[in-house]
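Asker: Have a look at this one before I ask anything.
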Amino acid sequence: MPAIEKLGAATRDKPLFSPDNVTVIFVLGGPGAGKGTQCANLVKDYGFKHLSAGDLLREEQDRPGSEFGELIKTDIREGRIVPMEVTIQLLENAMKATMDREGKTMFLIDGFPRKLDQAHAFERSVVPSKFTLFLDADEEVMQARLINRGKTSGRADDNIESIKKRFKTFVDTSMPVVKEFEGQGRVVKVDAVQPPEKVYEDVQAKLKEWGLNPQIVQVEQEQSYAAAA
Ligand code: C5P
Ligand code: MG
């Protein structure tokens with residue numbers, strides 16, 4: 001994935017892409033809600049491109065010479081939100097690279113926007129989202145999943161101290177994003193306490209209500225890429 005050369009994506013006052021050509025679905029939910037798992041299912045069956053904000057941040061953190069490495073590392077360990085300029089630039093770069101290399105124009109953006117400023121800046125300067133898939137789970141369930149994942153994930157934030165901080169950030173900072181989109185009728189909520197297969201059944205049923213099913217996504221992608229090219 002291309003490195004950040006300069007920041008600027010978040011300051012543009014017109015969206016870079018039109019929602020007629022580029023589809024973005026945000027995937028939100030607390031840490032351990034199952035965002036990555038459900039995105040992997042959707043990629044397989046629908047052909048979306050999955051971009052995880054957390055994965056892009058971890059990649060930038062580990063990139064030799066990155067000017068943002070230390071900042072990202074500290075924020076992730078403390079469960080804080082990395083400044084939106086960095087995250088939005090990483091997402092924009094990844095979207096452009098995906099369109100150029102893979103011709104894909106339908107994106108699942110996982111773990112973003114985690115704060116209202118990110119939501120507003122992305123929709124103003126990159127592209128307005130279609131809707132947000134919100135995976136709703138309670139902390140007890142999410143904590144058990146994260147502790148389990150921590151045995152093999154190697155993630156610096158899958159430990160009990162960081163998990164508690166991440167839960168607090170989610171409630172204080174990220175839930176207001178879900179609430180705002182909900183008020184605009186742009187949230188699709190799924191009960192994510194259920195086993196992953198059951199969650200996915202519900203996700204598919206909801207996507208269908210929004211006119212998205214496996215074949216259509218692939219076909220629309222080819223058409224909108226042809227239109228954008
Ligand atoms: O989504 P994930 O659990 O991989 O995110 C890990 C961490 O990355 C978050 O706890 C947060 O510190 C950072 N992050 C962020 N802004 C985002 C997504 C992730 O600051 N939009
Ligand atoms: Mg994840």
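Asker: Given the conditions (1) of a type outside the set (D, E, K, R); (2) within 11 Å of ligand 1 (Cβ to nearest atom); (3) open to solvent by less than 20 Å² (accessible area, probe 1.4 Å), report the number of the one that Ile76 does not fulfil.
Answerer: The single condition Ile76 does not satisfy is (3).
Asker: Here is a follow-up. Return yes when Ala94 is surrounded by fewer than 23 Cβ atoms within 10 Å (Cβ to Cβ), out of contact with any Cys (no Cβ under 8 Å at 6 or more places or on another chain) and free of Cβ contacts under 8 Å to residues at least 60 places away in the same chain and no when it is not.
Answerer: No: the conditions fail for Ala94.
Asker: Hey, another quick one. Restricting to region 20-39, name every residue that is touching a Lys or Arg at 6+ places or on another chain (Cβ under 7 Å) and either without any contact (Cβ under 8 Å) to a residue 60 or more places away in the chain or more than 10 Å from ligand 1 (Cβ to nearest atom) (or both). Lay out the reasoning, then the answer.
Answerer: Our first condition is that a residue be touching a Lys or Arg at 6+ places or on another chain (Cβ under 7 Å); within region 20-39, this holds for 23-25, 27, 29, 31-32.
Scanning region 20-39 gives Thr23, Val24, Ile25.
Asker: Also, I was wondering about something else. Which of the residues that make up region 12-40 are more than 16 Å from ligand 2 (Cβ to nearest atom) and under 17 Å from Met95 (Cα atoms)?
Answerer: Quick first cut of region 12-40, residues more than 16 Å from ligand 2 (Cβ to nearest atom) only: 12-24.
The answer is Arg12, Lys14, Pro15, Leu16, Phe17, Ser18, Pro19, Asp20, Asn21, Val22, Thr23, Val24.
Asker: From (1) away from ligand 2 (no atom under 16 Å from the Cβ); (2) closer than 25 Å to Ser224 by Cα, pick out the condition that doesn't hold for Asp110.
Answerer: Condition (1) is where Asp110 drops out.
Asker: Would you be able to tell me the number of residues in region 8-17 that are open to solvent by 60 Å² or more (accessible area, probe 1.4 Å) and within 15 Å of ligand 1 (Cβ to nearest atom)? Reasoning before the result, please.
Answerer: Taking region 8-17 first, the residues open to solvent by 60 Å² or more (accessible area, probe 1.4 Å) are 11-16.
The next check asks that each one be within 15 Å of ligand 1 (Cβ to nearest atom); those that pass are none.
Within region 8-17, residues that are open to solvent by 60 Å² or more (accessible area, probe 1.4 Å) and within 15 Å of ligand 1 (Cβ to nearest atom) number 0.
Asker: Oh, and also: In the set Thr37, Thr11, Thr74, which member is under 22 Å from Ser174 (Cα atoms) and in contact with a Pro (Cβ under 6 Å, 6 or more places away or on another chain)?
Answerer: Details: Thr11 fails: in contact with a Pro (Cβ under 6 Å, 6 or more places away or on another chain); Thr74 fails: in contact with a Pro (Cβ under 6 Å, 6 or more places away or on another chain).
Of Thr37, Thr11, Thr74, the one residue that is under 22 Å from Ser174 (Cα atoms) and in contact with a Pro (Cβ under 6 Å, 6 or more places away or on another chain) is Thr37.
Asker: Kindly indicate whether Ser125 is touching a residue at least 24 places away in the same chain (Cβ under 8 Å) and polar (S, T, N, Q).
Answerer: yes
Asker: Could I ask something else about it? For region 18-40, give me each residue that is part of a helix (DSSP H, G or I), surrounded by fewer than 19 Cβ atoms within 10 Å (Cβ to Cβ) and either of a type outside the set (Ser, Thr, Tyr) or modelled with pLDDT under 95 (or both). Break it down stepwise before answering.
Answerer: Let us first name the residues in region 18-40 that are part of a helix (DSSP H, G or I), namely 35-40.
Still in the list and also surrounded by fewer than 19 Cβ atoms within 10 Å (Cβ to Cβ): 36-37, 40.
Within region 18-40, Gly36, Ala40 meet the criteria.
Asker: With the requirement that a residue be more than 14 Å from ligand 1 (Cβ to nearest atom) and assigned to a loop (DSSP other than H, G, I, E, B), what does region 123-140 give you?
Answerer: Within region 123-140, Val127, Pro128, Lys130, Asp138 meet the criteria.
Asker: Quick one: Ala156 ticks every box in (1) open to solvent by 10 Å² or more (accessible area, probe 1.4 Å); (2) under 13 Å from Val24 (Cα atoms); (3) within 13 Å of ligand 1 (Cβ to nearest atom); (4) not aromatic (Phe, Trp, Tyr) except a single one, so which number is it?
Answerer: (2)
Asker: Moving on. Taking the stated definitions as given, is Glu180 in contact with a Ser or Thr (Cβ under 8 Å, 6 or more places away or on another chain), assigned to a helix (DSSP H, G or I) and surrounded by fewer than 20 Cβ atoms within 10 Å (Cβ to Cβ)? Quick ask: steps written out before the conclusion?
Answerer: Details: in contact with a Ser or Thr (Cβ under 8 Å, 6 or more places away or on another chain): no; assigned to a helix (DSSP H, G or I): yes; surrounded by fewer than 20 Cβ atoms within 10 Å (Cβ to Cβ): yes.
It is false that Glu180 is in contact with a Ser or Thr (Cβ under 8 Å, 6 or more places away or on another chain), assigned to a helix (DSSP H, G or I) and surrounded by fewer than 20 Cβ atoms within 10 Å (Cβ to Cβ).
Asker: Continuing with this model, one more query. Within region 41-71, count every residue that is within 17 Å of Glu92 (Cβ to Cβ), within 16 Å of ligand 2 (Cβ to nearest atom) and either in a helix (DSSP H, G or I) or open to solvent by 10 Å² or more (accessible area, probe 1.4 Å) (or both).
Answerer: 10
Asker: A further question on this structure: Of (1) in a strand (DSSP E or B); (2) touching a Pro at 6+ places or on another chain (Cβ under 6 Å), Arg166 satisfies all except one. Which?
Answerer: (1)
Asker: Report, by residue number, each residue of region 106-122 that is more than 11 Å from ligand 1 (Cβ to nearest atom), in a helix (DSSP H, G or I) and in contact (Cβ under 8 Å) with a residue 60 or more places away in the chain.
Answerer: Passing the criteria: Leu116, Ala121.
The values are calculated or read from the model by the stated rules, or taken from the named source; none is laboratory data. Predicted, not measured: the structure shown is a model, and the values here were computed from it. All Cβ positions, glycine included, derive from the backbone under ideal geometry; neighbour counts span all protein chains shown. In case anyone asks, the SASA skips ligands and DNA or RNA and just uses the protein heavy atoms, side chains included. Shrake-Rupley method; radii C 1.70, N 1.55, O 1.52, S 1.80 Å.
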